[in-house]
Each structure stands twice: as structure tokens, then as C-alpha cells.
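Worksheet: the structure to be examined is printed underneath.
The values are calculated or read from the model by the stated rules, or taken from the named source; none is laboratory data. Just so we're clear, the structure is a prediction, and the values are computed from it rather than from any experiment. Cβ sites come from the backbone with ideal geometry, for glycine too, and all protein chains shown count toward neighbours. Only protein heavy atoms, including side chains, enter the accessible area calculation; ligands, DNA and RNA are left aside. Shrake-Rupley method; radii C 1.70, N 1.55, O 1.52, S 1.80 Å.
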Amino acid sequence: MSGHAAITRYPAPSEQPLLRAALRGALTLLFRGLIRPSLPISGQRLVLRVLTAVHPTQPGVRRQAGQLAGRPCEWHRPQGASHGTLLYLHGGAFMLGAPASHRALCAALAHYAQLDVCALDYRLAPEHPFPAALDDALAAYRCLRAQDERALFIGGDSAGGNLALVTCLRLREQAISQPAALLCLAPVVDFSGVQLHQPAAGDPLLNPAWLELAHACYCAPGVDPMQPWISPINADLHGLPPLLLQVGEDELLRNDSLRLAEKAAASGVRVRLEHYLGLWHVFQCHAGLLHAADRALQSAADF
């Protein structure tokens with residue numbers, strides 16, 4: 001049965017105007033200004049580590065290093081009994097990022113949803129191009145499924161949202177039970193780049209040249225970037241679990257979420273799309289600092 005995605009558009013937040021302006025300015029200067037193709041990827045990784053070295057803590061959530069399916073990971077566990085596990089795949093254009101760069105976001109999800117959140121340190125390109133990251137995500141999911149009979153969820157942001165979505169497609173192909181729900185924060189789903197959004201306020205993080213670099217690093221020569229395992233907008237989406245998409249207005253990848261929501265709903269998937277005006281790519285990483293980020297993650301927990 002086909003249908004339409006349930007879309008909620010949230011107006012630009014009115015509170016914390018000085019903080020929002022400061023964050024936008026800092027991201028434009030330090031992220032978009034420094035993390036660009038002219039800087040070697042090792043340097044880009046260092047910049048991101050420095051930018052995310054300090055993050056708000058989440059009271060009542062304990063962080064613990066671990067191993068899952070042969071890869072390092074970080075666990076965020078809430079106090080008291082949890083309701084299940086969320087496998088979280090961080091963003092970073094398939095080249096950057098780690099569980100440490102997404103601690104505020106993962107800890108907030110653990111707190112709001114009362115879930116054990118496992119942030120996987122999957123292999124990165126260009127050292128490990130497609131399908132290494134996807135193989136790691138699939139192996140981690142299968143390991144969690146074998147270890148724990150409780151509810152299992154999967155989610156991710158940006159490149160990690162792509163991996164979470166494609167992992168579900170691979171699970172369907174292999175007749176493995178799907179997660180209870182799928183969370184995608186501004187996922188990249190179309191490597192063609194032909195429908196990038198041009199926000200009037202500008203995107204303080206992403207620029208087209210950097211996205212092209214990410215695509216080139218992730219896809220080795222001879223690999224078709226339009227195949228569904230890389231550009232899932234081209235996939236048959238039937239049979240996916242309930243899907244929550246969150247996307248900001250001020251980001252190049254806005255249209256990926258809008259198009260994915262409509263295609264998934266037309267394929268019979270239960271979809272909710274939350275479109276946040278006045279906010280940027282994966283603003284949820286400012287959890288514990290930006291009220292709009294906390295509200296978005298509370299909504300994700302409710303879903």
C-alpha cells in the first residue's frame with residue numbers, strides 16, 4: 001500500500017538567537033572554512049577531533065569503550081533499565097568522524113529514549129572505500145541481533161544515515177529481521193549531486209567541492225556511485241522499518257530527505273519527516289547546548 005509521508009515543518013527557533021548566530025558563524029569559519037579539499041584528509045580529521053573535543057555531558061548516562069564485530073565502539077548506557085539497543089552510525093562524509101565526535105548526540109539519545117546506544121567506529125575511506133563501512137555496519141547489526149533479544153534500532157546522520165538505510169536494504173536481501181525503527185538525520189542518498197539544495201541563508205558546513213571529494217574517496221575507480229547500495233534513492237524501498245527523517249532547511253542535502261520520504265512512503269513504508277527551518281546540517285550534534293537539538297532528539301526518542 002502506498003501513501004504519503006507525514007511531514008512536519010518546524011519554524012525557525014526564536015530562542016537562543018545569540019548562541020545560534022555564534023554556532024553558525026563558528027561552523028562557517030572553522031568547519032566549512034577548514035574542512036575542504038585543499039586540506040589533506042588527515043588534517044581534516046584532526047580539525048574535526050579538535051572541534052568536537054569538548055562536548056556537554058548528559059547526566060545519568062555512562063560511556064564505555066567496547067568492541068563489536070571486530071570494530072571499536074562506544075556504548076552510552078542510561079541509568080536504570082533500558083528498553084533496547086540503538087546501533088548508531090556517525091556522519092563525516094565516509095572520510096571523517098568517530099564515536100568521539102558524536103558523543104553529545106548519542107548520549108542524548110540514550111537519555112531521552114532510555115536505550116543503550118552503541119556508536120560504531122566503522123572503517124573510513126579512502127583507506128577503506130565502499131563496501132567496507134557497509135560491511136562493518138551489517139556485521140555489527142548481526143552481532144547485536146545475536147546477542148540481545150530486546151528491541152534493536154538503527155540510526156545515523158549524513159553518511160551514517162546512508163549506511164543505516166542501506167544496512168536495512170541488505171538485511172531485507174538476506175532475509176534478516178529488520179530493526180524496530182530506522183532513524184536518519186539528513187542522510188545522503190543520491191551521489192549524483194544533481195538536486196542539491198541552495199539555502200538562502202547558506203550552508204555553514206557543507207560545500208559541493210567537499211561532497212565531490214567524499215564521493216571520490218568512498219567510490220573506488222570502477223564502482224558505480226548510482227547503484228542502490230551507494231545511492232539508495234535508486235533502491236526499491238519496500239519492506240523497510242518505520243522511518244524517521246530529520247533535516248534542516250539550511251543545508252545542501254535537504255532535498256535528499258524530502259525525496260527519500262516521498263519514495264519510501266510510496267513503497268508502503270511508514271515515514272515521518274521533520275523539516276527544521278532556520279537550522280543546518282545535523283544540528284542535533286549540539287545536543288545539551290542548543291534547545292532545538294534537544295527537542296529534535298526528544299522527538300526521535302518518542303518515535
What nm value, rounded to one decimal, do you get for the distance between LEU29 and GLU262 when each label is placed 7 Å out toward the C-beta?
3.9
Relative pair counts by distance (%), Cα atoms of the range 196-260, 10 Å bins:
18, 42, 34, 7
Can you compute 3J(HN,Hα) from phi for each residue in the range 292-300, using the Karplus curve 6.51 cos²θ - 1.76 cosθ + 1.60 with θ = phi - 60°, rounded to whole Hz and x for Gly and Pro?
4, 5, 5, 5, 5, 6, 5, 5, 5
Taking each pair of distinct Cα atoms in the range 200-303 once, what is the resulting Kirkwood hydrodynamic radius in Å?
15.4
Taking amide H atoms as placed 1.01 Å from N in the peptide plane, list the residues 5 or more away in sequence, or in a different chain, whose amide H sits under 5 Å from that of GLY248.
TYR276, VAL282
Computed FRET value (nearest 0.05) for GLN67 with ALA200, which takes r as the C-beta separation and R₀ as 35 Å:
0.15
Whole-Hz couplings from phi, Karplus 6.51/-1.76/1.60, listed for the range 122-130; x for Gly and Pro
6, 5, 10, 7, x, 4, 10, x, 3
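Per residue, what accessible area does the chain have, given a 1.4 Å probe and all protein chains present, in Å²? Intermediate results must be reported in sequence, preceding the final value.
Details: 12080 Å² over 303 residues.
Per residue, the chain has 40 Å² of solvent-accessible surface.
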Environment charge of GLU251, counting only residues whose C-beta is closer than 15 Å and scoring Lys/Arg +1, Asp/Glu -1:
-1
Square roots of five times the Cα gyration tensor eigenvalues for the range 156-231, Å:
25, 17, 9
For the range 257-303, report the convex hull volume of the alpha-carbon atoms normalised per residue, in Å³, without decimals.
74
Could you please report the charge total around GLY161, scoring K, R as +1 and D, E as -1 over all other residues with beta-carbon less than 14 angstrom from its beta-carbon?
-3
Given a 1.4 Å probe and every protein chain left where it sits, what share in percent of the accessible area of the range 52-115 is carbon and sulfur?
51
Tally Lys and Arg at +1 and Asp and Glu at -1 over the other residues with C-beta under 10 Å from the C-beta of LEU237: what net charge comes out?
+1
Given Cβ point charges of +1 (Lys, Arg) and -1 (Asp, Glu) and nothing else, what value in debye, to the nearest 20, does the dipole of the chain about its Cα centre take?
440
Give me the Kirkwood hydrodynamic radius of the range 103-241, using the inverse of the mean 1/r over all pairs of distinct Cα atoms, in Å to one decimal.
16.1
Under the definition of Cα pairs under 8 Å and six or more residues apart, what whole-number percent is the relative contact order of the chain?
23
Report the Stokes-Einstein translational diffusion coefficient (µm² s⁻¹, integer) for the range 51-134, Rh taken as the Kirkwood radius over Cα pairs, at 25 °C with viscosity 0.890 mPa s.
186
Can you give the direction-averaged projected area of the convex hull of the alpha-carbon atoms in the chain, in nm²?
14.4
Using mean Cβ contacts within 10 Å as the protection proxy, how do 273-284, 201-212, 84-95 order, highest first?
84-95, 273-284, 201-212
